[in-house]
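Worksheet: one structure, shown below.
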Amino acid sequence: MKGKFPLKPLDFVVIGAAAALTAFSAFMIYAKPQNTHQVMIQGSNKVWVFPLDAEETVTVPGPLGDTVVEIRDRRAHVLSSPCDNQTCVAAGHIESDGQWVACLPNNVFVIIEGKDDINGILDSTSW
């Protein structure tokens with residue numbers, strides 16, 4: 001049997017292991033959720049991190065008193081704050097990567113961080 005290469009049982013094991021490794025690698029790369037946003041709330045002495053799809057109300061202590069931040073329906077906003085001008089409350093909801101709201105007098109900063117999928121909303125900076 002010159003010139004022929006017969007496959008042996010160990011060859012099938014190696015081919016099967018290579019196919020399984022390839023399938024596992026593809027699954028690990030492509031099966032991850034594409035929208036992985038999180039809300040980061042920074043206070044004077046502490047940082048809170050929640051997924052954007054969480055349903056949370058966080059009381060953040062600051063030098064002026066407590067600022068209340070709500071995360072609901074994949075959006076975050078400042079419900080109340082002890083500052084005089086209430087700009088952070090008037091800023092409304094944030095829901096996209098890079099959006100933020102801050103209560104500077106009370107040292108509270110809320111930002112949404114994460115990654116949009118390629119089919120997400122494009123803005124002028126994408127072009």
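The figures follow:
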{"quantity": "Fewest-first ranking of Ile29, Ile111, using other Cβ atoms within 10 Å as the exposure measure", "calculated": "Ile29, Ile111"}
{"quantity": "Residues Asp73, Asp84, sorted so that the one with the fewest Cβ neighbours within 10 Å comes first", "calculated": "Asp84, Asp73"}
{"quantity": "Radius of gyration and Dmax over the Cα atoms of region 29-92, both given in Å", "calculated": "13.8, 48"}
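Each reported figure results from applying straightforward, stated rules to the coordinates on display, with no laboratory input. Treat the numbers as computed from the prediction; the structure is a model and nothing was measured. Here Cβ is always computed from backbone atoms with ideal geometry, including for glycine, and neighbour counts include all displayed protein chains.
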